[in-house]
Amino acid sequence: MDLHELRRNYDQQTLNPGNLRSDPIQQFREWFEHARATDSASWFEPNAMTMSTADQRGRVSSRILLLKAVSEEGFTFFSNYQSDKARQLVENNQASLLFFWPHVERQVRIEGTVVRTDAQTSDEYFAGRPRGSQIGAVVSRQSAILPSRDKLEADAADLEKQYADKLIPRPDFWGGYLLTPVRVEFWQGRPSRLHDRFLYTRDGDCWQVVRLSP
Ligand SMILES: Cc1cc2nc3c(=O)[nH]c(=O)nc-3n(C[C@H](O)[C@H](O)[C@H](O)COP(=O)(O)O)c2cc1C
């Protein structure tokens, strides 16, 4: 397989101090809304992000998660509290989030520390999920070895019966996480690999912004 000739030139847009917000959360929101509004492909999930974690010994691991909220506090997502990522976060609460929106030739990199959201936030989100997703979250021992697909489906069917006509409560092993950012970088593809990059770093209550070399 020869990948040498697989390349594109990026020439859609520019990023410069004049069109940058002073707050990276505002800047993220603006880019997110733009990414969402400009691609209607049925497969496109603008809130799909790569989340990377590392354990105490430095083993790094990445996976896609869905961003579910953005606020001045940070970025919220939901997962299993006994999964591989959860174990890594217990050992090392530093993580990164990465968004790639190819149709607008943009990347956003976010680094920060992760804590569990409060139970109420998790309860509210869980309660609003489709029933099938609730069942999936309850029966999945995420990241554990599963003897067979049949076992998973049988567990889901059993749970469905057990909770017929009843609300399914959020299990305590499933809930939200909040990543509080300390570094946020916005990358805009430009021709000839002379891309625009701006890095925000937290400085007390303020953010410092610098342009980085591509
Ligand atoms: C598009 C997409 C969205 C996903 N969203 C989530 C999510 O929001 N939460 C989650 O726990 N896993 C989600 N997953 C599954 C994760 O990528 C991963 O397989 C799972 O969280 C187990 O990861 P771990 O073993 O590193 O803990 C998603 C996968 C894809 C491809």
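Tabulated data for the structure shown
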read-out: Qualifying residue in segment 35-48 (condition: within 14 Å of the chain's Cα centre (by Cα) and under 15 Å from TYR177 (Cβ atoms)); value: yes
read-out: Residue ID - farthest from the ligand (Cβ to nearest atom), chosen from residues in segment 31-48 that are touching a helix residue (DSSP H, G or I) at 6+ places or on another chain (Cβ under 9 Å) and under 21 Å from SER96 (Cβ atoms); value: TRP31
read-out: Condition met for ARG131 (within 30 Å of GLY74 (Cβ to Cβ), of a type in the set (D, E, K, R) and away from the ligand (no atom under 16 Å from the Cβ)); value: yes
read-out: Positions within segment 60-76 being touching a residue at least 12 places away in the same chain (Cβ under 8 Å) and not polar (S, T, N, Q), in sequence order; value: ARG63, ILE64, LEU65, LEU66, LEU67, LYS68, VAL70, GLU72, GLU73, GLY74, PHE75
read-out: Among residues of segment 49-88, those that are part of a loop (DSSP other than H, G, I, E, B), open to solvent by 40 Å² or more (accessible area, probe 1.4 Å) and within 12 Å of the ligand (Cβ to nearest atom), counted; value: 3
read-out: Test: residue in segment 148-169 that is among the polar types (S, T, N, Q) and either touching a strand residue (DSSP E or B) at 6+ places or on another chain (Cβ under 7 Å) or closer than 30 Å to ARG202 by Cα (or both); value: no
read-out: Flag if THR50 is among the hydroxyl-bearing types (Ser, Thr, Tyr) and within 22 Å of THR38 (Cβ to Cβ); value: yes
read-out: Residue that is nearest to the ligand (Cβ to nearest atom), among those in segment 146-168 that are in contact (Cβ under 8 Å) with a residue 12 or more places away in the chain and under 29 Å from GLN88 (Cβ atoms); value: LEU152
read-out: Cross-chain or 6+ apart pairs with Cβ under 7 Å, segment 133-145 first and over 15 Å from LEU66 (Cβ atoms), then open to solvent by 40 Å² or more (accessible area, probe 1.4 Å) and among the hydrophobic types (A, V, I, L, M, F, W, C); value: VAL139/LEU152
read-out: Matching residues, segment 8-47, being without any contact (Cβ under 8 Å) to a residue 24 or more places away in the chain, within 18 Å of ARG109 (Cα to Cα) and part of a loop (DSSP other than H, G, I, E, B); value: ARG21, GLU45, ASN47
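The values are calculated or read from the model by the stated rules, or taken from the named source; none is laboratory data. Just so it is clear, the structure is predicted and the values come from calculations on it, not from any experiment. Because the Cβ atoms are built from the backbone with ideal geometry, glycine has one as well, and the counts that use them run over all protein chains shown. Ligands, DNA and RNA are stripped out before the accessible areas are found, and what is left, the full protein with its side chains, is counted by its heavy atoms. Shrake-Rupley method; radii C 1.70, N 1.55, O 1.52, S 1.80 Å.
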